[in-house]
């Protein structure tokens, strides 16, 4: 039987005050009994996610990382409110159980949600999870369908239309991510100025305004352990907003590493998109366009934007490691990753006909 995704021992320096968690949980749910067992999910390089168990009852607690964080980043209250608004129309969102804005509890904002017990596909298929090439393709299409479904959600009906700032989403993203990179750059990482200049010059108009996830990938999707083709949950809504759906797809493709990609890109792989049967990036775009009804002549801009944005996210994390604000050894090589992504963006730019 394929193993249901489980938390592991908490990383050093990221422990929670179990007594404070217990008091908060029992205030929100007085029926809870006993002491909590707290473990940590190993995935993710940004917000911290913990499994909190009381006997056979299991919950998930999300909090921002320890140490200095960028202003407006890791907004737990916003994420929880977005999820609450989406839940009635997009059932793959976990139910929010309690929100805490009292920093006397854990020193930060955090929230607690239901735990979806299921399979999460991280870098590779988990032990016991074997699919034929045809079944892998079927799974792949089902996951992409959930992104299409999200983009069809009515922002007004959910009450999330206030998140949008109107036309100009593409322009705001290019300007915003460029500013973030310049602030987070370290001396051992390239300047990305040629990439940022190209993106600024080639910006298309917004193709639409809809609810977007902004971090949609396989390790944010939960599969039914009894039917691994069925998506039962979509996680990590921190960056969800109202924006351009093709920008959202470009973000997803930045993580979509194929079996025939060069070794340097393979090292960054965090999901099993290299498996036989998985769609190529070009096939993902083609399938998405067919299902969504959107039409664009060339996807170059969105692909390069997605890679640049990923580089900025990596660089922001590396900045914290570089300046000693986190000791997490996973981040030690992130500067090399940012440098590689600059080269990859430039190669795509050189090959583009835009």
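Derivation of every value follows stated rules applied to the coordinates shown; laboratory data play no part. In this text the structure is predicted, and so the values were computed from the model without any measurement. Note: ideal-geometry Cβ built from the backbone for every residue, glycine included; neighbour counts use all protein chains shown.
Apply 1/(1 + (r/R0)^6) to the Cβ-Cβ distance of residue 262 and residue 226, taking R0 = 45 Å, and write down the FRET efficiency to the nearest 0.05. List each step's numbers first, then the result.
Numbers: r = 38 Å, r/R0 = 0.84.
Efficiency, from the Cβ-Cβ distance: 0.75.
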Taking every alpha carbon pair in the range 235-354 and sorting the distances into 5 angstrom bins from 0 up to the bin holding the longest one, the percent per bin comes out as 2, 10, 18, 21, 21, 16, 8, 3, 1, 0
Would you list 132, 46 from fewest to most Cβ contacts within 10 Å? 132, 46
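Can you sort 323, 213, 151 so the residue with the fewest Cβ neighbours within 10 Å comes first?
On the way: 323 11, 213 26, 151 23.
Ordered from fewest to most neighbouring Cβ atoms within 10 Å, 323, 213, 151 come out as 323, 151, 213.
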Cα centroid separation, the range 323-354 to the range 108-125 (Å): 26
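Could you list 10, 212 in order of exposure, starting from the residue whose Cβ has the fewest other Cβ atoms within 10 Å?
Working: 10 14, 212 28.
In increasing order of surrounding Cβ atoms, one gets 10, 212.
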Using alpha carbon positions and the Kirkwood radius, the Rg to Rh ratio of the range 32-172 is 1.00
Which shape class applies to the range 18-114: rounded if a/c is under 1.5, otherwise prolate when a/b exceeds b/c and oblate if not, where a ≥ b ≥ c are the square roots of the Cα gyration tensor eigenvalues? oblate
Just to verify a number: FRET efficiency for residue 287 and residue 347, C-beta to C-beta distance, R0 = 22 Å, to 0.05? 0.35
Estimate the FRET efficiency between residue 141 and residue 179 by the formula 1/(1 + (r/R0)^6), using the beta-carbon distance for r and 30 Å for R0, to the nearest 0.05. 0.20
If you find the alpha carbon centre of the range 217-285 and of the range 47-63, how far apart are they in angstrom? 24
Taking only Cα atoms, what is the 0 to 90° angle, nearest 10, from helix 76-86's long axis to the longest principal axis of the chain? 80
Along principal axes, Cα extents of the range 111-170, largest first, whole Å: 45, 31, 21
